[in-house]
Every structure is written in structure tokens, then in C-alpha cells.
Amino acid sequence: MSATNDLSFYGKVAIITGSGRPSGIGAAIAVALAVRGACVTINYVSDSSAPRAAELAESIRARGGKATVVRGDVGDPEVATKLVKETLAAFNTDKIDILTVNKSTTVNNAGIAPMTPTVEVTPEEMSSVFRTNVWGPLLLVQAALPYMPRGGRIINISTCLSRMGLHSPVYSASKAALDSLTYTWALEFGRKFGITVNAIAPGLTKTEICPPDDHPEVQRMLGLTRLEGRMGTIEEIADAVVLIASPLSGWVTGQYISVSGGVNWI
């Protein structure tokens, strides 16, 4: 029988990349973990996000939580190492229990030119998207893995678009690559280190950079949603991360978990 406090994260340390926007998925994840006791590192990239990241951290502290803020694009090997080292120093610890890899980039949270048609994609766009969504997560895992104990959690934030074949060829391909890394890491880090690795795949989610409700692609996605004809909320995505990060999901690894209201990609 599970204990009633299995959704408590007291004593746990979590890094959440791309969490500097208060109305974004990363920020909601940071708050959801922090209010349950985790020490959280909020990561952001651009100057414009600095005040909001600081405000988010302060709001967590005001509620009795523990938070620190680290700037940097984890697509840079030095930044990935810096993010880990500053987290350990901020919380006076030698471990990182939860690594949540959200997008962390100087462009908006929707990714880089996600709707660019294949014939218009430039090498620069291709490189930027894969640097953010594939190279960045890999570098961060490399930096954090030596400090992750058995029972640690790596949670990659993917997207339903990686399986849907909609108008986002490069972005979708980069997230499909992240899905593949999820499956590989689950095997690679499971038996050897006792770490679970899963991908949370949000469907259409209401954030500050989301297109308006009457946008054709929004309407198309809403039509594919089985539960209700609405966008998901950032809190609903964060709730799924909390569950996968908790001891209740200790036997769940190598999974692609759609959190989309039942979007059907077949």
C-alpha cells in the first residue's frame, strides 16, 4: 500500500529548464514541485525573462518554498554544467533528484519557426531547433547524471506534434528525436543507475504565446481533442509531471505520455 505522502517532494532537488515565464509550462512545473517541498532551480535565457524569473522565484519563497534562478541556454555545454553546479551550491547539496527538460531558448516557448514548410527551412533554422530540443537536453543529462541518485527522474517535455504529422516538420522531428532519446535513456540509465526516464507530451496548451482560439491550426487541434473542446492548462501539464516525478511512478519508464485531453494522432 502506498503512503499518503507519496506526492511530497521534501528533500528533493529539481532543475526545470525553460521555466522563467510565469504563464509557461516550465514555470507551472516549478511551482507544482516547489509547493510540494522540492527545492527548484528556475532557468531562463533572455534579458526580457529575467524580471519574471526573479518574480517567480520570489513568489515561491513567499509561500515557504525554496527556489534559485540560473540564466543560460543549456544548448551551450558550459551553461549545462553551470546550471548543475549552481543548483548544487544554492541548495547546499550533492544530488539532483528531478531533471525536467523543457524548452530553454531565446525565442518563444513554441519553439523556433515551428510551422516553417519543409521547402523553406534553412540550415540555420534546422540547427537552432535541434540545438534547443535535442542537443540541449543531451548536454544537461550529461552534466546532471553524475549527481542523480537511484530513484532519480528525468522528464522530457515533448509534444503531441512529434506523432501527428501536422505542419511543423522540423520542430516535430526534433521532438521525435527527444522521444527516441527518452526510450534509449530509460534502458541506458535504468538498470545501471535506477533512474526513470519518461516524456510528457502536451497537446494544445494555453500559454501567453499560444495562437488565438480562432487560428485554423488551433481549431484543428481542438477538433482532435476527445475530452473537451478546449486547450489544456499549464497546471494540467504540471500535474502530470508531479505524478511521474513521484514514487507512485517508480515502475514507469521509457514512456511517451500524452497529456492532451485525448488527442488522436492516428
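Couple of notes before you dig in:
- Trypsin sites (Lys or Arg not before Pro) restricted to DSSP loop in segment 45-86 with at most 12 other C-beta within 10 Å: ARG63
- Applying the Karplus relation 6.51 cos²θ - 1.76 cosθ + 1.60 with θ = phi - 60° to segment 77-85 yields 3J(HN,Hα) values of x, 5, 5, 4, 5, 4, 4, 5, 4 Hz, where x marks Gly and Pro.
- Normalised by the number of residues in segment 114-207, the mean separation of alpha-carbon contacts (under 8 Å, six or more apart) gives a relative contact order of 37 percent.
- Relative contact order [Cα under 8 Å, 6+ residues apart], segment 13-257, whole percent: 20 percent
- Alpha-carbon centroid distance for the pair segment 136-192 / segment 44-68, whole angstrom: 25 Å
- Two-site label geometry, ARG230 and ARG63: point separation in nm, points 7 Å out along Cα→Cβ: 2.0 nm
- Between the amide H of LEU204 and those of GLY232, distances stay under 5 Å, these residues lying 5 or more places away or on another chain, with hydrogens modeled in the peptide plane.
- Counting 0.36 nm for each residue step from GLU55 to GLU217 and taking away their Cα separation leaves a gain of 55.1 nm.
- GLY37 long-range amide H proximity, modeled H, under 5 Å: PHE9
- For segment 165-173, Karplus couplings with θ = phi - 60° (6.51, -1.76, 1.60), whole Hz, Gly/Pro x: x, 8, 7, 8, x, 6, 4, 4, 5
- Amide H to amide H distances under 5 Å link ILE42 with THR68, VAL69, VAL70, where only residues 5 or more positions off or on other chains count and H is placed in the peptide plane.
- Reported label for calculated Cα Rg over 2.2 N^0.38 Å given (1) 0.95; (2) 0.99; (3) 1.15: (1)
- Placing a label point 7 Å from the Cα of VAL35 along the Cα-to-Cβ direction, none of the residues of segment 140-175 has a backbone N under 15 Å of that point.
- Cβ-to-Cβ counts within 10 Å put ASP97, ASP6 in ascending order as ASP6, ASP97, the fewest first.
- Separation of the SER127 and VAL252 label points, Cα + 7 Å toward Cβ, nm: 3.9 nm
- Loop-located trypsin sites (Lys or Arg not before Pro) in segment 137-238 (DSSP state not H, G, I, E or B) with no more than 10 neighbouring Cβ atoms inside 10 Å: ARG150, ARG226.
- Computed from point charges on the beta carbon alone (+1 for Lys and Arg, -1 for Asp and Glu), the dipole magnitude for the chain about its Cα centre is near 760 Debye.
- Derived scalar couplings ³J(HN,Hα) [segment 60-71; Karplus, 6.51 cos²θ - 1.76 cosθ + 1.60; whole Hz; x for Gly, Pro]: 5, 5, 5, 8, x, x, 10, 8, 10, 10, 10, 8
- Least to most buried among SER168, SER23 (fewest other Cβ within 10 Å first): SER23, SER168
- Which of TRP135, TRP251 has the fewest Cβ neighbours within 10 Å, and the rest in rising order: TRP251, TRP135
Computed from the coordinates by the stated procedures, all read-outs in this text should not be read as laboratory data. These numbers come from a predicted model, not from an experiment. Counting neighbours? That spans all protein chains shown, and the Cβs are built from the backbone with ideal geometry, glycine included.
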